[in-house]
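Below is one structure, written out as C-alpha coordinates; comments come after it.
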Amino acid sequence: MTRLNALQPLGLLLLRLGLGIIFISHGYPKLLHPDAVRGMFVQHGLPSYFAEVSGVLEVFGGGLLILGLLTRIAALLLAIEMAVAIWKVHSGGGYLAIHNYEFPMALAVACFALATVGAGRASLDYALFGKPKTGLRKIKA
(Lines give C-alpha, C1' and ligand atoms only; values in the text may rest on other atoms or scores of the structure.)
Protein backbone atom coordinates (compact mmCIF):
# COMPACT_ATOMS: atom_id res chain seq x y z
CA MET A 1 0.00 0.00 0.00
CA THR A 2 2.87 2.39 0.60
CA ARG A 3 3.71 2.21 -3.10
CA LEU A 4 0.21 3.42 -3.92
CA ASN A 5 0.70 6.36 -1.56
CA ALA A 6 3.43 7.59 -3.87
CA LEU A 7 0.80 7.89 -6.60
CA GLN A 8 -1.49 10.20 -4.58
CA PRO A 9 -0.30 13.38 -6.37
CA LEU A 10 -0.99 11.75 -9.74
CA GLY A 11 -4.39 10.47 -8.56
CA LEU A 12 -5.43 13.92 -7.34
CA LEU A 13 -4.16 15.51 -10.55
CA LEU A 14 -6.18 13.09 -12.69
CA LEU A 15 -9.26 13.63 -10.52
CA ARG A 16 -8.91 17.42 -10.88
CA LEU A 17 -8.36 17.18 -14.65
CA GLY A 18 -11.34 14.91 -15.18
CA LEU A 19 -13.66 17.02 -13.05
CA GLY A 20 -12.41 20.25 -14.59
CA ILE A 21 -12.99 19.02 -18.14
CA ILE A 22 -16.50 17.82 -17.25
CA PHE A 23 -17.47 21.08 -15.56
CA ILE A 24 -16.05 23.27 -18.34
CA SER A 25 -17.83 21.22 -21.01
CA HIS A 26 -21.15 21.56 -19.14
CA GLY A 27 -20.71 25.22 -18.19
CA TYR A 28 -19.51 26.62 -21.52
CA PRO A 29 -22.86 26.13 -23.34
CA LYS A 30 -24.63 27.89 -20.48
CA LEU A 31 -22.44 30.94 -21.06
CA LEU A 32 -22.55 30.71 -24.83
CA HIS A 33 -26.36 30.29 -25.10
CA PRO A 34 -27.88 31.38 -21.78
CA ASP A 35 -31.30 32.06 -23.34
CA ALA A 36 -31.61 28.41 -24.33
CA VAL A 37 -30.98 27.28 -20.74
CA ARG A 38 -32.93 29.88 -18.73
CA GLY A 39 -36.27 28.19 -19.35
CA MET A 40 -35.03 24.91 -17.90
CA PHE A 41 -33.88 26.69 -14.73
CA VAL A 42 -37.22 28.46 -14.33
CA GLN A 43 -39.11 25.22 -15.01
CA HIS A 44 -37.33 23.66 -12.01
CA GLY A 45 -38.12 26.56 -9.69
CA LEU A 46 -34.80 28.40 -9.93
CA PRO A 47 -34.29 32.04 -10.94
CA SER A 48 -33.41 32.50 -14.61
CA TYR A 49 -30.12 34.21 -13.80
CA PHE A 50 -28.90 30.93 -12.29
CA ALA A 51 -28.11 29.89 -15.88
CA GLU A 52 -25.30 32.45 -15.98
CA VAL A 53 -24.30 31.82 -12.36
CA SER A 54 -23.96 28.09 -12.92
CA GLY A 55 -22.15 28.64 -16.23
CA VAL A 56 -19.59 30.95 -14.63
CA LEU A 57 -19.16 28.62 -11.66
CA GLU A 58 -18.70 25.56 -13.85
CA VAL A 59 -16.33 27.16 -16.37
CA PHE A 60 -14.14 29.08 -13.94
CA GLY A 61 -14.44 26.51 -11.15
CA GLY A 62 -13.48 23.77 -13.60
CA GLY A 63 -10.52 25.86 -14.75
CA LEU A 64 -9.41 26.36 -11.15
CA LEU A 65 -9.65 22.61 -10.56
CA ILE A 66 -7.48 21.91 -13.60
CA LEU A 67 -4.87 24.41 -12.42
CA GLY A 68 -5.12 23.27 -8.84
CA LEU A 69 -5.62 26.88 -7.73
CA LEU A 70 -7.99 27.69 -4.87
CA THR A 71 -9.04 24.08 -5.23
CA ARG A 72 -10.79 23.64 -1.92
CA ILE A 73 -13.02 26.69 -2.42
CA ALA A 74 -13.82 25.87 -6.06
CA ALA A 75 -14.51 22.21 -5.27
CA LEU A 76 -16.79 23.07 -2.35
CA LEU A 77 -18.80 25.52 -4.47
CA LEU A 78 -19.13 22.96 -7.25
CA ALA A 79 -20.20 20.27 -4.76
CA ILE A 80 -22.89 22.62 -3.43
CA GLU A 81 -24.03 23.38 -6.98
CA MET A 82 -24.35 19.67 -7.74
CA ALA A 83 -26.28 19.10 -4.50
CA VAL A 84 -28.73 21.83 -5.55
CA ALA A 85 -28.97 20.26 -9.02
CA ILE A 86 -29.83 16.89 -7.47
CA TRP A 87 -32.40 18.48 -5.16
CA LYS A 88 -34.12 20.76 -7.70
CA VAL A 89 -33.65 18.94 -11.03
CA HIS A 90 -32.77 15.27 -10.70
CA SER A 91 -34.76 14.04 -7.69
CA GLY A 92 -38.19 13.89 -9.34
CA GLY A 93 -38.31 10.10 -9.30
CA GLY A 94 -37.51 9.80 -5.60
CA TYR A 95 -34.35 8.59 -3.94
CA LEU A 96 -34.71 5.08 -5.36
CA ALA A 97 -34.43 6.38 -8.94
CA ILE A 98 -30.65 6.52 -8.69
CA HIS A 99 -30.30 6.57 -12.48
CA ASN A 100 -31.77 10.11 -12.41
CA TYR A 101 -29.10 11.60 -10.19
CA GLU A 102 -26.07 9.28 -10.24
CA PHE A 103 -23.91 11.55 -12.43
CA PRO A 104 -24.39 14.78 -10.45
CA MET A 105 -24.03 12.76 -7.23
CA ALA A 106 -20.67 11.36 -8.40
CA LEU A 107 -19.54 14.88 -9.29
CA ALA A 108 -20.71 16.25 -5.93
CA VAL A 109 -18.95 13.52 -3.94
CA ALA A 110 -15.73 13.85 -5.94
CA CYS A 111 -15.73 17.62 -5.49
CA PHE A 112 -16.44 17.28 -1.78
CA ALA A 113 -13.52 14.85 -1.50
CA LEU A 114 -11.25 17.40 -3.21
CA ALA A 115 -12.51 20.12 -0.90
CA THR A 116 -11.55 18.02 2.12
CA VAL A 117 -8.15 16.70 1.00
CA GLY A 118 -6.95 19.55 -1.23
CA ALA A 119 -5.32 19.60 -4.63
CA GLY A 120 -2.18 17.62 -3.84
CA ARG A 121 1.45 18.28 -4.67
CA ALA A 122 0.92 18.57 -8.45
CA SER A 123 -0.97 21.86 -8.15
CA LEU A 124 -0.58 25.60 -8.04
CA ASP A 125 -1.98 25.54 -4.51
CA TYR A 126 1.01 23.49 -3.39
CA ALA A 127 3.48 25.58 -5.40
CA LEU A 128 2.14 28.89 -4.09
CA PHE A 129 1.02 28.06 -0.57
CA GLY A 130 3.01 24.94 0.31
CA LYS A 131 1.78 21.93 2.20
CA PRO A 132 -1.39 22.71 4.15
CA LYS A 133 -1.08 22.44 7.88
CA THR A 134 -3.29 19.78 9.42
CA GLY A 135 -4.11 18.78 12.94
CA LEU A 136 -4.38 20.82 16.07
CA ARG A 137 -1.53 22.88 17.42
CA LYS A 138 -0.38 22.32 20.93
CA ILE A 139 -1.24 25.24 23.13
CA LYS A 140 1.60 26.25 25.40
CA ALA A 141 0.53 27.17 28.88
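Where does each of 131, 88 land when they are ordered by accessible area, with a 1.4 Å probe and the largest first? Don't skip to the end; give the middle numbers.
Values: 131 155, 88 65 Å².
Correct descending sequence by accessible area is 131, 88.
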Which listed residue (27, 107, 4) has the Cα farthest towards the positive end of the charge dipole for the chain, taking +1 on Lys and Arg C-beta and -1 on Asp and Glu C-beta about the Cα centre? 4
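Just to be sure I understand: if I project the alpha-carbon convex hull of segment 62-123 onto a plane and average over all orientations, what area do I get in nm²?
Across all orientations, segment 62-123 yields a mean hull projection of 4.2 nm².
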Net lengthening on full extension, residue 52/residue 72 (0.36 nm per residue, minus Cα-Cα): 5.0 nm
Post the alpha-carbon centroid distance, segment 49-81 to segment 2-19, in whole angstrom. 20
If I model a spin label as a point 7 Å beyond the Cα along the Cα-Cβ vector, how far apart are those points for residue 97 and residue 14 in nm? 3.4
Using the reciprocal of the averaged 1/r over all distinct C-alpha pairs, how large is the Kirkwood radius of the chain in Å? 16.4
Counting other Cβ atoms within 10 Å of each Cβ, which chymotrypsin sites (Phe, Trp or Tyr not before Pro) in segment 16-60 have at most 15 and sit in a DSSP loop? 49
Quick one: ranking 82, 40 by accessible area, 1.4 Å probe, largest first, what do you get? 40, 82
Treating only the Cβ of Lys, Arg, Asp and Glu as charged (+1, +1, -1, -1), what charge dipole size does the chain show about its Cα centre? Round to the nearest 20 debye. 900
In terms of the ratio Rg/(2.2 N^0.38 Å) built on C-alpha atoms, what value belongs to segment 51-96? 1.31
Between 0 and 90°, nearest 10: helix 34-43 axis offset from the chain longest Cα axis: 80
What is the local net charge at residue 111, summed over the other residues whose Cβ is closer than 12 Å to its Cβ (Lys, Arg +1; Asp, Glu -1)? 0
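Can you show me the helix-derived [θ] at 222 nm for the chain, built from DSSP H runs with n ≥ 4 at -39,500 (n - 2.57) apiece and divided by the number of residues, rounded to the nearest 500.
Details: 7 runs with 98 residues, N = 141.
Roughly -22500 deg cm²/dmol at 222 nm, from the helical runs in the chain.
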Residue-level accessible surface for residue 26, protein heavy atoms, 1.4 Å, Å²: 100
In the chain, if the dipole is taken from +1 on Lys/Arg beta carbons and -1 on Asp/Glu beta carbons about the Cα centre, which of 60, 37, 91 is farthest to the positive end? 60
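The values are calculated or read from the model by the stated rules, or taken from the named source; none is laboratory data. Not measured: the values here are computed from a predicted model. Ideal geometry is used to build each Cβ from the backbone, glycine not excepted, and the neighbour counts take in all protein chains shown. Side chains are part of the model used for accessible areas, which takes the heavy atoms of the whole protein and leaves out ligands, DNA and RNA. Shrake-Rupley method; radii C 1.70, N 1.55, O 1.52, S 1.80 Å.
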